[in-house]
Amino acid sequence: MRYPHDKPPVLSLTPGPVPVYPEVLHALSRQVPYDDDLPYSAKYEFVVERLQSAMQLSTKPLILQGEPVLGLEAAAASLIASDDTVLNLVSGPYGRGFGVWARRYGTQVVDLEVPDNQAIDSHAVSDLLKRYPQTAVVSVCHHETPCGTINPINEIGAVVADHGALLIVDAVSSFGGMNTHPEDCQAAIYVTGPAKCLGAPPALTLLGVSTRAWAKMKANPTAPRGSVLSILDWEDAGLGGRRFPFTTSIADINALDAALDLYLAERPQAVWARHDLTARTFRVGIAALSLSIWAASDAIASPTTTVVRLPEGVSEAELLGDLRARYGLLVSGGRGPTTGKAIRVAHMGPAAHPLHAIAALSALGGSLQRLGFDTSPGAAIEAALQVVELST
Ligand SMILES: *Cc1c(COP(=O)(O)O)cnc(C)c1O
């Protein structure tokens with residue numbers, strides 16, 4: 001059997017955008033109201049309030065009208081003053097990419113770089129801050145999605161706070177799928193979005209901004225105003241009768257509303273446990289298939305995406321093609337350092353269920369055998385079922 005290329009996959013386990021929850025899809029078909037009319041203002045305030053509770057924030061979160069890359073660049077443009085020294089932590093492509101923006105807005109950028117399968121050590125951050133005591137801003141990516149690795153942002157945040165610097169966190173692919181919140185890591189600006197673990201479409205940036213970050217941005221003469229990159233323009237926008245700088249992405253606010261409903265109703269702890277169980281089930285099966293993960297250890301492996309190293313002699317394109325054509329399974333190839341060397345299987349939002357991990361292991365075992373790799377899909381399924389068994 002060949003599964004047609006022009007049909008949507010039977011199962012999509014991509015690390016964002018993810019297939020959205022059915023309730024979120026339904027919310028996208030709601031009427032699009034005029035944004036200056038009371039029913040929409042009330043709805044918007046309600047969404048912001050619930051986002052505040054989901055993000056466990058003591059300040060009001062902001063919603064920027066664009067994919068989280070907007071929020072990341074806006075954070076750099078707004079928080080980094082032209083005479084600032086920035087310490088940029090790099091454990092993969094997103095951290096490296098942030099350095100481009102940091103260099104555009106700051107005067108001196110110091111990179112602390114570790115190999116792409118490892119995590120940043122907070123002691124190394126502490127040491128570098130002693131060498132560069134003038135550091136005003138530190139930036140870190142929580143989950144390097146191309147590598148499937150997690151940085152210890154709460155420890156890093158404590159070190160940065162001790163030093164008196166401000167921390168920018170990219171938590172786009174971790175928030176909603178594990179226990180992480182802006183104030184847990186003492187973030188000045190915490191950037192996330194709805195299209196990964198919250199199971200909504202890509203369109204918005206969700207921002208946590210601390211009181212100190214507001215003060216620094218307001219004192220920064222080059223912080224954008226009257227620009228799509230502005231964070232300052234969005235302070236209290238849509239709240240208490242304050243107008244929006246420009247029209248919001250109304251349909252996507254409706255989708256976010258539904259996604260937050262699902263997240264809070266299931267209870268965040270249960271959502272994180274579902275992501276964690278799915279990832280553990282998948283990793284155990286991967287080991288039983290005689291494969292290894294990209295991350296240097298299980299301790300730093302992401303609960304929301306597993307990056308699997310390709311075995312010798314198996315090409316990324318062949319494996320992805322076979323999974324899609326034989327089983328209708330869509331997973332992603334590598335990105336940056338993992339390009340051509342790994343595949344990425346996400347456990348995000350609706351995909352975060354052990355049954356999806358088991359299905360992916362079966363297909364992966366089948367395709368690898370087909371491509372000449374000596375492995376045992378049966379052993380992987382049994383090992384995976386054991387993990388589910390032990391969790392119930
Ligand atoms: C997905 C993602 C983003 C957003 O990037 P897009 O290219 O817009 O999807 C930012 N940071 C991380 C770590 C991500 O995984």
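The values are calculated or read from the model by the stated rules, or taken from the named source; none is laboratory data. As the structure is a prediction and not an experimental result, all values here were calculated from the model. With ideal geometry, Cβ positions are generated from the backbone for all residues, glycine too; neighbour counts draw on all protein chains shown.
Of all residues in the range 194-215, those being surrounded by fewer than 24 Cβ atoms within 10 Å (Cβ to Cβ) and away from the ligand (no atom under 15 Å from the Cβ) number 5. The residue that is nearest to the ligand (Cβ to nearest atom), counting only those in the range 56-73 that are over 15 Å from the mean Cα position of the chain (by Cα) and among the charged types (D, E, K, R), is Glu73. Here Pro268 meets each of (1) in contact (Cβ under 8 Å) with a residue 12 or more places away in the chain; (2) more than 19 Å from Tyr21 (Cα to Cα) with one exception, condition (2). Could you check Phe46 against (1) outside the structural domain of Ala259 (by TED's automatic domain parsing); (2) modelled with pLDDT of 95 or more; (3) away from the ligand (no atom under 16 Å from the Cβ) and say which number it fails? For Phe46, the exception is condition (1). Scanning the range 152-179 for residues that are in contact with a helix residue (DSSP H, G or I) (Cβ under 8 Å, 6 or more places away or on another chain), closer than 18 Å to Asp298 by Cβ and within 16 Å of the ligand (Cβ to nearest atom) yields Pro152, Gly177, Met178. Filtered by the rule that a residue be in contact with a strand residue (DSSP E or B) (Cβ under 6 Å, 6 or more places away or on another chain) and either within 19 Å of Glu67 (Cβ to Cβ) or within 16 Å of the ligand (Cβ to nearest atom) (or both), the range 1-26 gives Ser12, Leu13, Thr14, Pro15, Pro19.
Are any of the residues in the range 374-387 aliphatic (A, V, I, L, M), out of contact with any Ser or Thr (no Cβ under 8 Å at 6 or more places or on another chain) and under 30 Å from Ala255 (Cβ atoms)? No; the residues of the range 374-387 include none that is aliphatic (A, V, I, L, M), out of contact with any Ser or Thr (no Cβ under 8 Å at 6 or more places or on another chain) and under 30 Å from Ala255 (Cβ atoms). Scanning for something among the aromatic types (Phe, Trp, Tyr) and under 21 Å from Ala171 (Cα atoms), does the range 268-275 turn up at least one residue? Taking every residue of the range 268-275 in turn, at least one turns out to be among the aromatic types (Phe, Trp, Tyr) and under 21 Å from Ala171 (Cα atoms). Quick check, is Val191 under 20 Å from Trp234 (Cα atoms), near the ligand (Cβ under 10 Å from one of its atoms) and outside any loop (DSSP other than H, G, I, E, B)? In short, yes.
Evaluating Ser29 against the criteria (1) touching a strand residue (DSSP E or B) at 6+ places or on another chain (Cβ under 6 Å); (2) within 25 Å of Phe246 (Cβ to Cβ); (3) away from the ligand (no atom under 16 Å from the Cβ) leaves one unmet condition, (1). Could you grab the pairs with beta carbons closer than 8 Å, sequence gap of 6+ or different chains, first residue in the range 67-83 and outside the structural domain of Ser173 (by TED's automatic domain parsing) and in contact (Cβ under 8 Å) with a residue 40 or more places away in the chain, second one surrounded by fewer than 20 Cβ atoms within 10 Å (Cβ to Cβ) and not acidic (Asp, Glu)? From the range 67-83, no pairs qualify. Scanning the range 169-203 for residues that are more than 27 Å from Val345 (Cα to Cα) and in contact (Cβ under 8 Å) with a residue 60 or more places away in the chain yields Glu183, Asp184, Ala188, Ile189.
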